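Let me begin by presenting the structure, written as structure tokens, before commenting on it.
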Amino acid sequence: MTLQEMTSYFFKLYGRRNRIFLPGLGERIGYLNLGICDLQEAIRKGQDVRTIGVAFARVVARIFCIAEHFWLLPFVEAITQKYPAGFCSYCQSFPCKCPEKRPDAIIGQVSEKQLIWSLRQWQEHFNILYGDKNRQKGMENILNRLFKETGELLSLQMMIPNTSLSLDEIEKEFSFELADTLAWTIALANFFGVDIEQALLERYGRGCWRCHQSSCICANFDFKPMKWES
């Protein structure tokens, strides 16, 4: 399953539920942030790999939830432009050799080759490109960058009413911010050796994990944090 196919699968799985319970963009970004908080708590409490995998799966599902808000957001195209196969878009090296204060990214063309990559292929790509550097900087740095990306999503959402950007430009900005959010989620999964694609399929591959339907019919929803065991 390509990343685009997986995104479409989640649109079908939770799109109806999301439109009812999470109608606003800000609500969806907040929902993602809570998922990252749950992931942080699972890590802090030393949960096993399977439980942490569930926490990662929930975060990725919520990234897809934000993409679904826009219906046709060019999210997968953006990740191919920002994270090309042959080099780091910031330092132009492979693997990445960015200095502490890295230059701005050079955004390239959409890669037809990468458009058909699976989530596992993307994870392998990020591990080769950034894995060693991220492991040297440590888990806290990766987690902080992940929270920073959700903050940038929220800032972008708050500026929409007063922006001079066109609709296409707004969607493009969100596409790149979501690409960065997924990239740092993958970076954290690589740090812990979690196969995100496997975690997603184990939790959602047979439909909604709660109602077991291919298009969720759950009529209960809340923003309560997960209660991980100590």
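Is one or more of the residues making up the stretch 99-117 within 24 Å of Arg203 (Cβ to Cβ), among the aromatic types (Phe, Trp, Tyr) and buried (at least 18 other Cβ atoms within 10 Å of the Cβ)?
The answer is yes, given that some residue of the stretch 99-117 is within 24 Å of Arg203 (Cβ to Cβ), among the aromatic types (Phe, Trp, Tyr) and buried (at least 18 other Cβ atoms within 10 Å of the Cβ).
Which of the residues spanning the stretch 21-44 are under 20 Å from Cys218 (Cβ atoms) and free of Cβ contacts under 8 Å to residues at least 12 places away in the same chain?
Passing the criteria: Pro23, Gly24, Glu27.
Within the stretch 53-73, track down each residue that is of a type in the set (Phe, Trp, Tyr) and in a helix (DSSP H, G or I).
Our first condition is that a residue be of a type in the set (Phe, Trp, Tyr); within the stretch 53-73, this holds for 56, 64, 70-71.
If the condition is that a residue be of a type in the set (Phe, Trp, Tyr) and in a helix (DSSP H, G or I), then Phe56, Phe64 are the ones that fit.
Counting only residues that are surrounded by 12 or more Cβ atoms within 10 Å (Cβ to Cβ) and more than 16 Å from the chain's Cα centre (by Cα), how many does the stretch 193-202 have?
Qualifying residue count for the region: 1.
Inside the stretch 20-32, can you point out the residues that are part of a helix (DSSP H, G or I) and crowded, with 19+ Cβ neighbours inside 10 Å?
Going through the stretch 20-32, the residues part of a helix (DSSP H, G or I) turn out to be 20-21, 25-32.
Once the filter is applied, which keeps residues that are part of a helix (DSSP H, G or I) and crowded, with 19+ Cβ neighbours inside 10 Å, the stretch 20-32 yields Arg28, Ile29, Tyr31, Leu32.
Of all residues in the stretch 74-113, how many are in contact with a Leu (Cβ under 9 Å, 6 or more places away or on another chain), free of Cβ contacts under 8 Å to residues at least 40 places away in the same chain and not in a loop (DSSP other than H, G, I, E, B)?
The total comes to 1.
Take Arg58 and decide whether it is of a type in the set (Lys, Arg), touching a helix residue (DSSP H, G or I) at 6+ places or on another chain (Cβ under 8 Å), modelled with pLDDT of 95 or more and crowded, with 21+ Cβ neighbours inside 10 Å.
yes
Go over the candidates Met226, Met159 one by one and state the one that is aliphatic (A, V, I, L, M), surrounded by fewer than 19 Cβ atoms within 10 Å (Cβ to Cβ) and closer than 20 Å to Gly46 by Cα.
Of Met226, Met159, the one residue that is aliphatic (A, V, I, L, M), surrounded by fewer than 19 Cβ atoms within 10 Å (Cβ to Cβ) and closer than 20 Å to Gly46 by Cα is Met226.
Mind telling me which of the residues Asn144, Asn127 ends up being of a type in the set (S, T, N, Q), under 17 Å from Ile196 (Cα atoms), surrounded by fewer than 21 Cβ atoms within 10 Å (Cβ to Cβ) and at pLDDT 95 or above?
Asn127
Given (1) surrounded by 16 or more Cβ atoms within 10 Å (Cβ to Cβ); (2) assigned to a helix (DSSP H, G or I), identify the lone condition not met by Gln136.
Gln136 satisfies every listed condition except (1).
Could you pull out the residue among Gln157, Gln198, Gln136 that is modelled with pLDDT of 95 or more and out of contact with any Asp or Glu (no Cβ under 8 Å at 6 or more places or on another chain)?
Gln198
The values are calculated or read from the model by the stated rules, or taken from the named source; none is laboratory data. Everything quoted here is computed from the prediction, not taken from an experiment. So basically every Cβ, Gly included, is an ideal-geometry build from the backbone, and we count neighbours across all protein chains shown.
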